[in-house]
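Here is the structure we will look at, set down as structure tokens.
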Amino acid sequence: MSLDRRENPGLSKDEFRNLYRNIMGDTKTQVNIRQAYTILNCTGKHVTSAHLIEQWRYLDEKISVSRLNDIYEKADELEVDSTGYAKAAKTKTLKPEEILNAVKEGSLIDKQYLEIVLKDFTNDNGCVDIGALLDVAAQSKVEIVNKLLGPKVEEDESFELKVRGCMTVYPKVQCISYTIDVDQPTFCELILRLADNSDVPTDRFNNDLFLVVYNRDHKLIGLTGHVLESRKYSTGMITINRGDEVMIVGMGTTMNRKSSTTERATLIEENNKLSKRFKYTLMNIFDSFDVDLDGLLNKQEMNFYTVASGDSELTDQDWAVYLNSFENRDGCLTMGGFIKIHEVEATDPEGNATADLWHSLHCLGYDTQLSSIYGCSYDIEAHTSRPIGMLPRLQYVVKEHRSFILENLYRLGEEDDRFEIRPHLFKTEYFGLLIARKEDHFSKQTYRILLSSRQHLKINFPHQVDHLIRLADSDSEWVLIASYTVTDPDAQLEYTLEKVESASSSKSPSLARA
């Protein structure tokens, strides 16, 4: 048998685009290097990891279908002639660990996948039957190419899961996050969508959130960098494993808005009944914590609400009282039961009901007019190649989370060598972050960021004092200088950095290099 290139004449442009569409979902989505490697090897061409890495040195973080097709057409294929194939097929002394150890650091080969595959071809002596592996690999490649070139249809292997969550960015940064539960590595696209909530002001949080997926080693696996439509964002196709974490991150551009009047809306009428406006708010809150979207609140979801609104953990006894006293179905609270709980609390004989309710609303990001200016809800769709679970939890976003996310995005960003501190700009289709590393020789310096234009940009300066960045004030090695969202896909962050000797300095020489 031969794997000579002449037996594989290659795909036409239309065939390549069709295959790309069946893997990525459309031809508009750009791919990263690992996705590109997967697509190229699904074409039937034997492209080496080293070749693609060499090509990628001159490319952006992600490339289009046309650019990948160009790489495909020009790539030299790894050729194995009949003699070499026969020699390899007779090899029966290699241990799985020897093959795995031969995968060089930085290779695009997924060692987890490789380890799973090798188990099926390991004989009783603990060695890999290379001949059987090559035969199956060659046949599988033909089947995969034929399958991907065919029309895309919904098959039993395609699954969808929807969950809901909510986030508060002030007074505490907290969100409902998820842990992936899946038996083996699985292809997955995650889509983040801002949920409808009449309490959230129009356009608030638009383009302001992004979803990140990371593993147990805090290495970034994917994030929502693509805009599918208004308020809807995609990771593209990624590979997920058991124990991977999904978390929502806020850009902070909504924190620059002015707070509302101190005059408070009415929560409880004179007859101790809840106001109509407050009931609408409770309905929105109920929906926000309905993680599994079944129209009910189970004990875990009710506990998320209880803790997020500033109260203590819900006990088994508390839950039993709720189910015995208020409307429920299938062991869960209905929306009517949830509202009734608050109606009962409104009749607090000690007269603390209103203060307690406002405390809870404040913790959830509401202002005095029942406008959710610091909180929102979101839906997540998971499109996967096999069934998965997404196990929810209420999570406070703390320094450790910010640090490893900034580190990952710093390493993916583009270095700006115009300045001594060499910040990195990480950008996607709808947001960007300018990140610096607090190195020892710059750790006590203060800088000022000056913007050339704010057109089509909403910008947040986390350390904002006259646009000053004091590296010494950062509690992390990774310093977020600015985050921004765009209202126009072509908008760019144009800026310069200046060193200042003190906060009172009006202007100092620019840090731009000669």
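The values are calculated or read from the model by the stated rules, or taken from the named source; none is laboratory data. Computed from a predicted structure; not experimentally measured. FYI the Cβ positions are ideal-geometry reconstructions off the backbone, even for glycines, and counts take in every protein chain you see. What goes into the accessible areas is simple: the full protein's heavy atoms, side chains included, and nothing from ligands, DNA or RNA. Shrake-Rupley method; radii C 1.70, N 1.55, O 1.52, S 1.80 Å.
Computed values, structure above
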item: Per-residue ³J(HN,Hα) for the range 165-181, Karplus 6.51 cos²θ - 1.76 cosθ + 1.60, θ = phi - 60°, Hz, x for Gly and Pro; result: x, 8, 9, 10, 9, 6, x, 10, 8, 9, 7, 8, 10, 9, 10, 6, 10
item: Under the Karplus curve 6.51 cos²θ - 1.76 cosθ + 1.60, θ = phi - 60°, whole-Hz ³J(HN,Hα) for the range 306-312, x wherever Gly or Pro sits; result: 4, 6, 4, 8, x, 9, 7
item: The range 409-500, accessible area per residue, ligands and nucleic acids excluded (1.4 Å, Å²); result: 46
item: Sparse-neighbourhood loop sites, trypsin sites (Lys or Arg not before Pro) in the range 270-302 - DSSP loop, at most 14 other Cβ within 10 angstrom; result: Lys273
item: Gln184/Glu15 FRET efficiency (R0 22 Å; Cβ-Cβ; nearest 0.05); result: 0.15
item: Listed pairs Lys28/Lys74; Lys62/Lys299; Lys28/Lys438 exceeding 31 Å between Cα atoms; result: Lys62/Lys299; Lys28/Lys438
item: Accessible area in square angstrom per residue, the range 298-405, 1.4 angstrom probe; result: 46
item: Share of carbon and sulfur in the accessible heavy-atom surface of the range 409-500 [1.4 Å probe, %]; result: 42
item: In order through the range 356-369: 3J(HN,Hα) via Karplus (6.51 cos²θ - 1.76 cosθ + 1.60), integer Hz, x for Gly, Pro; result: 5, 5, 5, 4, 5, 5, 4, 5, 8, x, 8, 9, 6, 9
item: The range 303-379: GluC sites (Glu not before Pro) falling in loop per DSSP and having at most 15 other Cβ within 10 Å; result: Glu313, Glu327, Glu350
item: Carbon/sulfur fraction of accessible area - the range 268-372, other protein chains in place, 1.4 Å, %; result: 47
